[in-house]
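Some notes on the structure that comes next.
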Amino acid sequence: MVRPPRAVFVTLLATALCLSPASGASAGASQERTAPAVLSPATTEGVAPTAAGVRKVLAPILADPALGTHRGIYVYDASRGKPVFSAGTATTYTPASTLKLLTTVSALETLGVDHRFTSKVVSVAKGSIVLVGGGDPLLASKRPSDSSAYPTPATLQDLAASTAKALKAQGVRSITLGYDASLFTGPAANANWEPNYITEGIAARTSALWVNEGRLTSGKAKRADSPSQAAASVFSAQLKALGITVANPPRPTDAPASAQAVAQVLSPTVGQIVEYVNLHSDNDGAEVLLRQVGLATKNGGSYAGGIKGVRATLTQLGLDVSRAKIYDGSGLTRINHVPLELLAGVVRVAASSQHPELRHLLTGLPVAGFSGSLEDRFAGPGASAGTGLVHAKTGTLTGVHSLAGYARDRTGTLLVFAVASDSVAVPKTLAARAALDRAAAALANCGCAS
């Protein structure tokens, strides 16, 4: 199918939301003929969906054999604050990357939407400096060539420039360099991941100090065995290029808390990082945020501490985690098992009037047919009607497919949903994914009142 240009879609949406017959006009003006609105304006709540109405549109889709034997869906009417339909929810599901919703909502809640992570250089003695990692998941080696990249990352390039300037102002042109990545603790690679995740570059060894998420080259390439050492080596080369002599290869160093700051760079806000992680399904960014949640909740900077922090935070938000088995922050491990009600629940909480601090969870969700991991989805028969209307996080592992997000139905009711199957035969992968797209599109296009 040919999709409408993005600008046309935005114009139509703006028309739908904003155009309505003028009110409060003069008597003379009221006699003039006016053009009707192109689309009816969206209402706050719309028509109340019923379980029977939702079942009617979803049952044929959920019966698709491509979904395998273990499939389910949970639908919540966020406009009225009540569940409306569920099927296959007696058991939990391997969530794949929809698990990132649990991690990122916890990061927003515990760290705050405007929090930034600091990467800095400190002086421990005359001519001796330490590069200290602050757990910035998006720290880059140099400024992006695309000025429109979002969010704009902090860079070692800028940190090196500020450091060289400060050193020269002190009359220092030769230094020894250490690096400190001690903010995070515990194993750098999750023990529950498949061994090839690290060796094939699917995931990095998580570090509080890295650049380009530990990548040695662009793309899904080999990651550094020691991301912190690799970052320090890049930084050393940048200082040398700026006229600072580095007298030694960088070495691990514990920087004293009292060490004087020489220069620093700040990450994008947590809100922006959460948007990026969910839009692009960034495994490495999610794992860093997991450890930051652990630190923020006083459970420590290991992945085990992060998991404790996520569970505690979700509980404080009123979500039931008793049936959830969580083993990482990204959803890479297959032994994660989560109820669909919990996946939908984090979206529901983020959409509620009680938690405006969580809105970035919603604004960062991929939009069907337009952005992120949904850019190339919702193009087939029965699914294309969801283009631009469904906002959802994707989850994909071999045999596992899930979506969790929200859509306004055609009457204006806001529906939150989670739909998944973790029993898909490999040859049915595309068919199963298309079935999930059709289910979400059906919710976006039904009144579901009967």
Taking the criterion of being without any contact (Cβ under 8 Å) to a residue 24 or more places away in the chain, out of contact with any Gly (no Cβ under 6 Å at 6 or more places or on another chain) and hydrophobic (A, V, I, L, M, F, W, C), would at least one residue in segment 357-377 satisfy it? yes
Among (1) free of Cβ contacts under 8 Å to residues at least 60 places away in the same chain; (2) in contact with an Asp or Glu (Cβ under 9 Å, 6 or more places away or on another chain), ARG116 falls short only on (1)
Checklist entry - Within segment 285-293, can one find any residue that is surrounded by fewer than 20 Cβ atoms within 10 Å (Cβ to Cβ), out of contact with any Cys (no Cβ under 7 Å at 6 or more places or on another chain) and either assigned to a helix (DSSP H, G or I) or hydrophobic (A, V, I, L, M, F, W, C) (or both)? => result no
Within segment 140-170, residues being in contact with a Pro (Cβ under 9 Å, 6 or more places away or on another chain), in contact (Cβ under 8 Å) with a residue 12 or more places away in the chain and not aromatic (Phe, Trp, Tyr) number 7
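So which of ARG80, ARG55 is out of contact with any helix residue (DSSP H, G or I) (no Cβ under 7 Å at 6 or more places or on another chain) and either at pLDDT 95 or above or in a helix (DSSP H, G or I) (or both)?
Of ARG80, ARG55, the one residue that is out of contact with any helix residue (DSSP H, G or I) (no Cβ under 7 Å at 6 or more places or on another chain) and either at pLDDT 95 or above or in a helix (DSSP H, G or I) (or both) is ARG55.
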request  = State yes or no: is GLY72 over 30 Å from SER352 (Cβ atoms) and either in a loop (DSSP other than H, G, I, E, B) or in contact with a helix residue (DSSP H, G or I) (Cβ under 7 Å, 6 or more places away or on another chain) (or both)?
outcome  = no
Residue set LEU374, LEU389; condition assigned by TED's automatic domain parsing to the domain that holds ALA440 and within 18 Å of the chain's Cα centre (by Cα); output residue LEU374
Q. Any residue in segment 98-115 that is more than 21 Å from the chain's Cα centre (by Cα) and not in a helix (DSSP H, G or I)?
A. no
Report yes if LEU362 is surrounded by fewer than 22 Cβ atoms within 10 Å (Cβ to Cβ) and outside any loop (DSSP other than H, G, I, E, B), otherwise no. yes
Across segment 395-450, the tally of residues that are aliphatic (A, V, I, L, M), part of a loop (DSSP other than H, G, I, E, B) and over 26 Å from THR69 (Cβ atoms) stands at 1
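Can you tell which of SER302, SER322, SER353, SER281 is outside the structural domain of TRP193 (by TED's automatic domain parsing) and under 16 Å from the mean Cα position of the chain (by Cα)?
SER281
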(1) part of a loop (DSSP other than H, G, I, E, B); (2) surrounded by fewer than 22 Cβ atoms within 10 Å (Cβ to Cβ); (3) modelled with pLDDT of 95 or more all hold for ALA166 apart from (1)
From the option list TYR179, TYR197, single residue qualifying as touching a residue at least 12 places away in the same chain (Cβ under 8 Å), within 21 Å of ALA255 (Cα to Cα), not polar (S, T, N, Q) and not in a loop (DSSP other than H, G, I, E, B) is TYR179
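The values are calculated or read from the model by the stated rules, or taken from the named source; none is laboratory data. Given the structure is predicted, the values throughout are model-derived calculations rather than measurements. Glycine also receives a Cβ, built like all others from the backbone with ideal geometry; neighbour counts cover every protein chain displayed.
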